[in-house]
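Read the figures in this text as sums done on the coordinates, not as results from a lab. It should be emphasised that the depicted structure is a prediction, and the values quoted were computed from it without experimental measurement. As a convention, Cβ positions derive from the backbone with ideal geometry for all residues, glycine included, and neighbour counts pool all protein chains shown.
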Amino acid sequence: MKLLTCPLNGQRNITEFTYGGEYHPMPDHQQATSREWAEHVFFHDNSAGVVIEWWCHSASSYWFLAERNTISDQILRTFPADEIFRERIDFNPTPADQGERK
């Protein structure tokens, strides 16, 4: 049985988790071009070695990050997302984003 340690709920069977993809730092939401956003969302390195990934404990809907070696499939550590995300970012739509209505 493969186990994964959730920072909130402790060690659990891997079947209780959903993989959320590799973590990628988000570009500056006010400066990024459409191409930079597309690359952030759709293009991933998929590199062999140690990567940081999103995981969700399905029963509690708790999202966290795991550092995993993709070659050996060994989980090196798991940690709450607030270790990376220190502040909240509000995305306030501009009139151009909403399609200016008259």
Original post:
Excluding Pro27 itself, what net charge comes from residues whose Cβ is under 15 Å from its Cβ, given Lys and Arg +1 and Asp and Glu -1?
Top reply: -2
Original post:
What does the charge add up to near Ala59, with Lys and Arg as +1, Asp and Glu as -1, over the other residues with Cβ less than 13 Å from its Cβ?
Top reply: 0
**OP:** Go through Met26, His40, Leu4 and say which Cα lies farthest out towards the positive end of the charge dipole of the chain; charges sit on Cβ, +1 for Lys and Arg, -1 for Asp and Glu.
**Re:** Leu4
Original post:
Under the rule of -39500 (n - 2.57) per DSSP H run of 4 or more residues, summed and divided by the residues of the chain, what mean residue ellipticity at 222 nm is obtained, to the nearest 500 deg cm²/dmol?
Top reply: -3000 deg cm²/dmol
Original post:
Can you sort Leu4, Leu76 so the residue with the fewest Cβ neighbours within 10 Å comes first?
Top reply: Leu76, Leu4
Original post:
In the set (i) 67; (ii) 19; (iii) 44, which value of percent of Cα pairs over 22 Å apart was calculated from the structure you see?
Top reply: (iii)
